[in-house]
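The values are calculated or read from the model by the stated rules, or taken from the named source; none is laboratory data. Given the structure is predicted, the values throughout are model-derived calculations rather than measurements. Positions of Cβ are generated from backbone atoms using ideal geometry, with glycine treated the same way; all protein chains shown enter the neighbour counts. Quick note on the areas: whole protein, heavy atoms, side chains included, nothing else; ligands and nucleic acids left out. Shrake-Rupley method; radii C 1.70, N 1.55, O 1.52, S 1.80 Å.
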Amino acid sequence: MIRLVRLALLLIAIAQFAAPVLPVLGIGENIGMRAVADGLPPELPPGVFFAIWGPIFLAYLTFALLANIRPTATSDHLAAPLAVAGLGNVIWMISAQSLAQPWLDFVLLLPILAAAWVAAYRLDLAGGFDGTLHRLLACGLVGLLAGWLSVAVSISVPDVTRWALGRDVTDRVWQSLWLTLIPAGLLASAFASRISTNLWYFVALGWGLIGVIVNNWQRTELHGLAIAATVIGVWIVLRRMRYGATGAFYSR
């Protein structure tokens with residue numbers, strides 16, 4: 001069974017690179033183009049910030065290759081949740097490119113986030129970083145994936161809220177910002193206190209929050225929102241630095 005999971009992990013890794021290319025082939029529409037079709041929402045980072053998917057997908061592919069060529073107990077333990085998260089990513093990308101339904105995009109993100117957090121929890125139980133390159137790869141992949149998916153969920157909350165209430169992207173911009181920052185803060189707190197001590201999570205989360213700041217300072221020119229996002233972002237990072245994290249240790 002584990003061999004099938006390892007193989008699935010590799011096939012999914014390849015599919016994650018292939019799915020974004022579908023719009024180039026005339027299948028669906030670029031996600032970034034869809035996101036700004038009706039204007040710039042305050043919670044949406046500029047496109048360059050989503051380039052973080054490149055390192056995540058590359059780390060995922062490298063992990064999948066090593067899991068098949070030189071498997072370890074840790075890679076086998078992480079394979080199933082990472083396969084679920086990766087498959088979810090592929091489905092989400094195809095759905096977002098083809099259907100562009102805010103409620104569906106949000107619903108699909110939740111099990112992907114859950115699977116990434118399960119992988120982070122399992123890795124934390126295994127001891128986290130142990131000084132080896134293989135474990136460094138695992139920590140980087142799992143932390144960045146879990147952190148960036150937390151960003152994706154957080155910036156999807158105001159989007160699905162606007163869809164439900166029939167609002168435009170420029171309506172109630174302060175509410176949209178808080179609907180992003182509050183989930184981001186709660187997810188960060190939950191991750192550090194219950195899931196993992198992985199610092200790569202906060203690298204990805206911080207990168208996303210910087211994107212929100214840049215968006216509001218440079219693109220929407222809503223400087224008050226940019227300042228508020230900066231204050232909350234710094235608070236989230238400082239809280240992690242001051243109080244540390246218990247991670248999976250909490251449940252042991």
Failed item, numbered, when Pro81 is tested on (1) in a helix (DSSP H, G or I); (2) in contact with an Asp or Glu (Cβ under 9 Å, 6 or more places away or on another chain): (2)
Residue check for Ala100: surrounded by fewer than 19 Cβ atoms within 10 Å (Cβ to Cβ), under 20 Å from Met33 (Cβ atoms) and modelled with pLDDT under 95: yes
Residues satisfying the stated conditions in the range 151-206, i.e. hydroxyl-bearing (Ser, Thr, Tyr), within 30 Å of Gly127 (Cα to Cα) and touching a residue at least 60 places away in the same chain (Cβ under 8 Å): Ser154, Ser196, Thr197, Tyr201
Index of the failed condition, Phe129 passing every other in (1) touching a Lys or Arg at 6+ places or on another chain (Cβ under 8 Å); (2) modelled with pLDDT of 95 or more; (3) not charged (D, E, K, R): (2)
Top-ranked residue of the range 103-137 - restricted to ones that are out of contact with any Ser or Thr (no Cβ under 8 Å at 6 or more places or on another chain) and not in a helix (DSSP H, G or I), ranked as most open to solvent (accessible area, probe 1.4 Å): Phe129
The listed residue being closer than 30 Å to Trp163 by Cβ and of a type in the set (Gly, Ala, Ser), out of Ala126, Ala100, Ala138: Ala100
Enumeration of residues in the range 1-30 that are in contact with a Pro (Cβ under 7 Å, 6 or more places away or on another chain) and under 30 Å from His77 (Cα atoms): Arg6
Residues of the range 23-78 classified as touching a residue at least 60 places away in the same chain (Cβ under 8 Å) and on the phi > 0 side of the Ramachandran plot, total: 2
